[in-house]
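The values are calculated or read from the model by the stated rules, or taken from the named source; none is laboratory data. Quick caveat, the model's predicted, so the values are computed rather than measured. Cβ sites come from the backbone with ideal geometry, for glycine too, and all protein chains shown count toward neighbours.
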Amino acid sequence: MSQPRILFVILDAFPFDRVSSSTTPTLWALAEEGGWSEKGGQSVLSASTYPNHASFVTGVGPEQHGVLASRAPVVGEWRPAREVPLAARTLFEDCRVANLRSVGLFGDQNLVQVCGALKADAHWPPQGQLPDSCARGLLGYGADQAVVEAATSMELKTADLVVVQLDEVDTVRHLRGPDAPESREQCTATDAALGELLEPLRSQWAETLVIVVSDHDMERVEPGAIDLNAEALARGLSVHVEHDGTACWVVGETTEEALLRLPSVEGVRWMSDRHWVVWGRPGQQYGTDFGLAGQHGSPRTARQLAVVGGGHSLARTLGSWIRRETPMGTAWAPTIRRCLGVVGQGA
């Protein structure tokens, strides 16, 4: 079996169950070539953009790669995710060692650093800085069309691995709500952008494997936000709290019982030594109220889109797998490594 050219596409916050022949014809056609996980895949916690993207390219969870949330600790100081050095090896590094060409394109400019794409053979936006002329979405990230246009100069046909992130569904679902008409319309528009991205590869379709995922789902949130750090201090807990939408990372010496006694906490999951993820009731968010209608972070938002297609024979094989089992977010990097023949070169 020949080695495929792999296009790994992350549609940020795309709902796992919104695939149909009428509203998302590109995804539907891919699913018919390979498969679609109708129950969705499973994200890492917290169910947010940066930890899940880091897991997509490394194959390990946040407690191993180090990108816990929108911020994470670096030498004892909590820094923005783009400033956190990955503690696990990425697909881009694997490709470089194996003399395979890799490309990374991201609507969310912070993901260039979060995903380690500076070590790809080509990446966009340059150094994680959007050009002044770049079209942007309503929250300031690169518009889907800007990513598609950037791809035309990246020689995708000569790449062994292309990792692409389209951001606008996440923006609209945040601002308008997960199930608003505008959000449904954006899903269709992003599907069309995906179709444009795929079109130049059609001449080599038999060599192409396409994997399309989302990083998380969304839930509608109520106005107002809770400061879990203040709750912890009031109960005498000596911990660091990192708010992350509808969930929080809690780091320090504590117990599940102590965390569940906090007024706003409904659920707790132990992640690793002294690291916990907690969440509240549906509709409750933590940190700062930015006036958003939709948020993510809790296990309620942990379902991921998973669609496989393309003309390569592996599309059917992987399609059967995702229809049969729940694909974990950490499973994609090992799967891609096997497909590219770089097994054992990962983290």
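Tabulated results
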| item | result |
| --- | --- |
| Test: residue in region 203-222 that is over 30 Å from residue 27 (Cβ atoms) and modelled with pLDDT of 95 or more | yes |
| Filtered residues of region 31-87 (kept if out of contact with any Lys or Arg (no Cβ under 7 Å at 6 or more places or on another chain) and of a type in the set (Ser, Thr, Tyr)) | 43, 46, 48, 49, 50, 55, 70 |
| Positions within region 270-299 being part of a strand (DSSP E or B) and either in the same structural domain as residue 47 (by TED's automatic domain parsing) or surrounded by 15 or more Cβ atoms within 10 Å (Cβ to Cβ) (or both), in sequence order | 271, 275, 276, 277, 278, 279, 286, 294, 295 |
| Matching residues in region 104-141 - criterion: being of a type in the set (Gly, Ala, Ser), crowded, with 20+ Cβ neighbours inside 10 Å and under 20 Å from residue 67 (Cβ atoms) | 104, 107, 116, 117, 120 |
| Residue list for region 210-265, filter: touching a helix residue (DSSP H, G or I) at 6+ places or on another chain (Cβ under 7 Å) and surrounded by fewer than 15 Cβ atoms within 10 Å (Cβ to Cβ) | 263 |
| Selection status of residue 201, of a type in the set (A, V, I, L, M, F, W, C), surrounded by 24 or more Cβ atoms within 10 Å (Cβ to Cβ) and on the phi < 0 side of the Ramachandran plot | no |
